[in-house]
Amino acid sequence: MSVKDMRAFLDSLAFESNVVWWLKRLRGNDTQQTGSHQAGPYVPKAILYSVFPILDDPEKHITRACFDAHIVSHDYRAYVNAIRYKSKNEARITRWGGKNCPLLDPEMTGAIVAFAFGGPKDGKWCRVWLCETEDEEDFLQERFGTIEPGRNIAFPPLGLDLSQSNCSFSESDIPSKWLADFPSQNEILEKSLAMQPCFSAYKPDQRLISRRDCEYELFQSVEIAMWLPRVKEGFCSLSDFLKVAQTILQRRRSRAGSSLEKHLVRILGEESFIESVHFDQQVETEEGRRPDFVFPSETAYHDESFDPSKLRMLAVKTTLRERWAQVTDEAKRIDKKHLLTLQEGVSEKQFAAMRENNIQLVVPDPLQKRYSKSIRPELMTLTDFLSEVAPCSS
């Protein structure tokens with residue numbers, strides 16, 4: 001289907017009362033790309049309990065609820081099962097119909113999916129849109145904000161706790177100046193680093209993941225404290241609502257667009273890399289081409305006498321999907337392109353295409369378990385990449 005169809009889908013639910021939206025990027029173990037026995041997408045229990053409060057009633061011991069689901073983007077219907085696993089402290093939506101279901105297609109790993117839960121207390125339904133193109137994903141993120149790997153967006157927020165670290169602030173913990181004037185991304189980043197200062201005890205992979213989790217949750221805490229009361233008050237006009245919505249979404253896009261690079265620069269400094277000596281960032285290698293990182297430097301890259309086998313480039317893309325192909329045209333003196341991503345899995349077909357284009361995926365160690373067993377040996381950790389380009393060997 002098209003973006004026009006997606007707009008019609010979103011608009012059709014705009015005036016439904018008590019609809020809970022939940023958006024995520026599909027992981028490898030959501031789509032069965034990893035060979036997981038869990039046939040269906042993981043769902044935070046906070047979301048599940050908001051839709052089915054009876055599942056959170058300790059006296060009734062109910063662990064599952066069935067309802068109609070319609071994947072509107074692919075016109076696929078199923079009578080599915082929301083199940084809470086007591087032993088695993090998690091929940092999933094299962095019984096999608098096996099490999100015929102678009103949600104379980106390994107090629108959809110990394111795709112954005114939007115679930116809309118609605119209906120009366122005892123007659124819940126779910127409408128789903130599964131994005132197949134970048135245009136669809138971009139349009140959906142314009143409505144709801146940037147959707148990163150491993151992040152869930154719930155709308156309305158409903159006070160749901162979807163945190164993954166210990167960096168969520170209550171309103172009383174947030175500096176008063178931050179509530180008066182939203183802090184810059186650098187201020188939030190510095191605060192997240194201060195809350196996890198013992199960097200020497202952890203490898204770069206763990207540092208990167210834990211710090212981004214912390215930064216994201218600090219950002220979310222301030223956003224909720226500043227804007228949720230305003231949203232609950234309501235708006236006198238559509239223009240007032242749109243002004244607030246655009247402010248929120250633009251700030252989310254800005255943070256998501258540079259967060260990974262900012263954290264990586266900090267880690268490079270901690271690992272004794274000096275900018276313009278051991279690496280350069282966003283420098284022009286060819287006309288109109290600016291890789292995210294070049295090692296050891298721009299000067300070395302443009303020095304024809306410098307051995308090209310000692311040159312490295314590192315592209316940084318939070319998600320892959322169709323965007324990975326952009327890397328192939330960067331830094332033409334460098335045959336193998338290294339690509340750092342936080343995407344939680346890729347399909348065998350997509351990975352094979354990357355390998356054919358001589359792209360080496362760099363995936364932080366904690367995320368590699370999200371990839372299929374056949375792909376994991378081909379991945380490089382961030383720690384391994386930094387060892388390869390370390391200043392002592394340049």
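The values are calculated or read from the model by the stated rules, or taken from the named source; none is laboratory data. Predicted model only: the values in this text are computed from it and were never measured. Ideal geometry is used to build each Cβ from the backbone, glycine not excepted, and the neighbour counts take in all protein chains shown. In case anyone asks, the SASA skips ligands and DNA or RNA and just uses the protein heavy atoms, side chains included. Shrake-Rupley method; radii C 1.70, N 1.55, O 1.52, S 1.80 Å.
Tabulated values for the structure
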{"quantity": "Among Glu348, Glu223, Glu287, residue whose mean-square fluctuation peaks in a GNM of the chain (springs only between Cα atoms under 10 Å)", "calculated": "Glu287"}
{"quantity": "Total formal charge among the other residues, if their Cβ is under 10 angstrom from that of Arg312, Lys/Arg +1 and Asp/Glu -1", "calculated": "+2"}
{"quantity": "Sequence ranges 24-32, 184-192, ranked by mean other-Cβ count within 10 angstrom, highest first", "calculated": "24-32, 184-192"}
{"quantity": "Table column - 3J(HN,Hα) (Hz), the range 287-297, Karplus curve with 6.51, -1.76, 1.60, x for Gly and Pro", "calculated": "4, x, 10, 9, x, 4, 9, 10, 10, x, 5"}
{"quantity": "Helix-only [θ]222 nm of the chain, DSSP H runs n ≥ 4, -39500 (n - 2.57) each, per residue, nearest 500", "calculated": "-10500 deg cm²/dmol"}
{"quantity": "Rounded, prolate or oblate (a/c below 1.5 giving rounded, otherwise prolate when a/b exceeds b/c) for the chain by Cα gyration tensor", "calculated": "prolate"}
{"quantity": "For Glu378, net neighbour charge (Lys/Arg +1, Asp/Glu -1) across residues whose Cβ lies under 15 Å away", "calculated": "+4"}
{"quantity": "Electrostatic dipole magnitude of the range 97-150 [Cβ: Lys, Arg +1; Asp, Glu -1; Cα centre; debye, to 20]", "calculated": "560"}
{"quantity": "Segment Ser12-Lys86, extension gain: residue separation times 0.36 nm, minus the distance between their alpha carbons", "calculated": "23.1 nm"}
{"quantity": "Potential extension, Gln250-Val265 segment - 0.36 nm per residue separation minus Cα distance", "calculated": "3.1 nm"}
{"quantity": "Estimated inter-spin distance, Leu242 and His302, nm [label 7 Å along Cα→Cβ]", "calculated": "4.5"}
{"quantity": "Full-stretch length increase - Cys198, Ala180 - with 0.36 nm per residue and alpha-carbon distance subtracted", "calculated": "3.4 nm"}
{"quantity": "Largest-first ordering by accessible area, 1.4 Å probe, given options Glu136, Glu90, Glu271", "calculated": "Glu271, Glu90, Glu136"}
{"quantity": "Positive dipole terminus of the chain, leading residue within Ala8, Ser210, Tyr79 (C-beta point charges)", "calculated": "Tyr79"}
{"quantity": "Most fluctuating residue given options Ala65, Ala353, Ala201, as computed from a GNM of the chain linking Cα atoms under 10 Å", "calculated": "Ala201"}
{"quantity": "Among the listed pairs Lys4/Lys349; Lys262/Lys337; Lys24/Lys332, those beyond 27 Å (Cα-Cα)", "calculated": "Lys4/Lys349; Lys24/Lys332"}
{"quantity": "Anchor Lys124: lysines whose Cα lies under 17 Å away (excluding residues fewer than 8 positions away in-chain)", "calculated": "Lys45"}
{"quantity": "Under-5 Å amide H pairs with Tyr76, H placed in peptide plane, nonlocal only", "calculated": "Ile71"}
{"quantity": "Fraction of antiparallel bridges per DSSP, the chain only, in percent to nearest 5", "calculated": "70"}
{"quantity": "Of Ala390, Ser309, His338, farthest towards positive along the dipole that unit charges on Lys, Arg, Asp, Glu beta carbons give the range 245-394", "calculated": "His338"}
{"quantity": "Most mobile of Ile174, Ile112, Ile147 in a GNM of the chain (Cα contacts under 10 Å)", "calculated": "Ile174"}
{"quantity": "Cβ-Cβ FRET estimate between Ser387 and Glu187, R0 fixed at 30 Å, reported to 0.05", "calculated": "0.40"}
{"quantity": "For the range 309-343 and the range 169-221, distance of Cα centres in Å", "calculated": "28"}
{"quantity": "For the chain: accessible area per residue (Å², 1.4 Å)", "calculated": "48"}
